[in-house]
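First the structure, in the form of structure tokens, and then the observations on it.
Every number in this text was worked out from the coordinates using simple rules, so none of it is lab data. Nothing here was measured: the structure is a model prediction, and the numbers come from that model. Backbone-built Cβ (ideal geometry, glycine too); neighbour counts: all protein chains shown.
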Amino acid sequence: MIAANWKMNKTIAETQDFVSEFLPLVAGVEDVEVLVCPPFTALSALSLALKDSRVRIGAQDIFWEGRGAFTGEISADMLLDLNCRYVIVGHSERRHIMGENDLIINRKLKATGLAGLTPIFCVGETLQERENNMARDVVGGQLEKGLQDIPAGALVIAYEPVWAIGTGVNASPEDAREMTGFIRDCLGKLYDRHWASGVQILYGGSVNPANISAFMAQEYIDGALVGGASLNPLDFAGIVRFKSNV
Ligand code: PGA
């Protein structure tokens, strides 16, 4: 899976321009699952623009309640209305800028699963945590607390070291493989090994057309979550077509 996280970028017109340029560039790519997560305001236009394509759409966040007095929030049913099948949960920008903690993320993951949406659950350590040799403890804790009391179901994990997001400094493919292997082991312990072996684990953090092949060549890495480089149709198509870069 190659997933785009547009963050707080693109108006409806910019979304439509992106799709017109992007789709011809990835015509014929059949063995990669492509997902675009635009801001909420562009979901409807994106869903319409992609209706005859294999590209899927996802949301960048969700609220755990079904309806009611929650100003500014968006529920699972509202996302399903717009043909969303995926939702990013626990992105480090929401953890660090919006103050989301493991409990909030756990509620969001529960609501996502109950509604039949597939979460892209983001985990990752800060630079300081990595330098203090705490990367495994931090990521293991995020998984355990985030997934508490949630039955095995549709799940995608994105390993995104915080220091690699939007910095141009990507994790080395070997470090990313080491951490994604660790994540698979954790899932095996929290649930069972057989189920864990089927969970897609993505790497995210300064992925671009030049480095994607090295990540995809690693065992345990099943795809990428792409921020900055997903905003440009040519760059994102270059990432989706990583097999022709090899
Ligand atoms: P980046 O962002 O590709 O710009 O580093 C990745 C992400 O935040 O998902």
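Is the C-alpha gyration tensor of segment 17-173 telling us rounded, prolate or oblate? Criteria: a/c under 1.5 is rounded; beyond that, a/b larger than b/c is prolate, otherwise oblate. Cα axes put segment 17-173 in the oblate bin.
Quick one: length gained pulling R85 to E73 fully straight, 0.36 nm per residue minus the C-alpha distance?
Length difference between fully extended and current span is 2.5 nm.
Relative contact order of segment 189-246, taken over Cα pairs closer than 8 Å and 6 or more residues apart, is 36 percent.
For K7, the aspartates and glutamates whose Cα falls under 18 Å of its own Cα, not counting residues fewer than eight places away in the same chain, are D17, D61, E73, E93, E100, E160, D235. When the Gaussian network model of the chain links Cα atoms closer than 10 Å, the mean-square fluctuations of Q200, Q60, Q128 top out at Q128.
Among 21-31, 161-171, 67-77, 81-91, the peptide with the highest mean count of other Cβ atoms within 10 Å heads the list, and the full ranking is 81-91, 161-171, 21-31, 67-77.
FRET efficiency for the pair N101 and E178, taken as 1/(1 + (r/R0)^6) with r the Cβ-Cβ distance and R0 = 35 Å, rounds to 0.85.
Semi-axes of the equivalent ellipsoid for segment 117-246, please: Cα gyration tensor eigenvalues, times 5, square-rooted, ordered largest first, whole Å. List each step's numbers first, then the result.
On the way: eigenvalues 117, 59, 33 Å².
So the three semi-axes of segment 117-246 are 24, 17, 13 Å.
Under the classification rounded if a/c is under 1.5, otherwise prolate if a/b is larger than b/c and oblate if not, where does segment 41-81 fall, given a ≥ b ≥ c as square roots of the Cα gyration tensor eigenvalues?
Details: a/c = 2.95, a/b = 2.59, b/c = 1.14.
Judged from the Cα gyration tensor, segment 41-81 comes out prolate (a/c at least 1.5, a/b above b/c).
From the helices alone, meaning DSSP H stretches of at least four residues, give me the mean residue ellipticity at 222 nm for the chain, per-run term -39500 (n - 2.57), in deg cm²/dmol to the nearest 500.
Numbers: 12 runs with 105 residues, N = 246.
Taking each H run of at least 4 residues, the total per residue is -12000 deg cm²/dmol.
Placing a pseudo-label 7 Å from each Cα along the Cα-to-Cβ vector at D185 and F40 gives an inter-label distance of 4.0 nm. Compute the label zone of E144 within segment 168-182: residues whose backbone N is under 17 Å from the point 7 Å along Cα-to-Cβ. Taking a point 7 Å out along Cα→Cβ of E144, the residues of segment 168-182 whose backbone N falls under 17 Å are 182.
Taking only the Cα atoms of segment 1-50, the ratio Rg/Rh comes out at 0.95, with Rh defined as the Kirkwood radius. Segment S213..N133, full-extension length gain: 26.1 nm, with 0.36 nm per residue of separation and the alpha-carbon distance subtracted.
What translational diffusion coefficient, in µm²/s and rounded to a whole number, does the Stokes-Einstein relation yield for segment 86-158 at 25 °C and a viscosity of 0.890 mPa s, taking the hydrodynamic radius as the Kirkwood radius over Cα pairs? Translational diffusion coefficient: 197 µm²/s. The Cα center of segment 24-53 and the Cα center of segment 107-156 differ in position by 26 Å.
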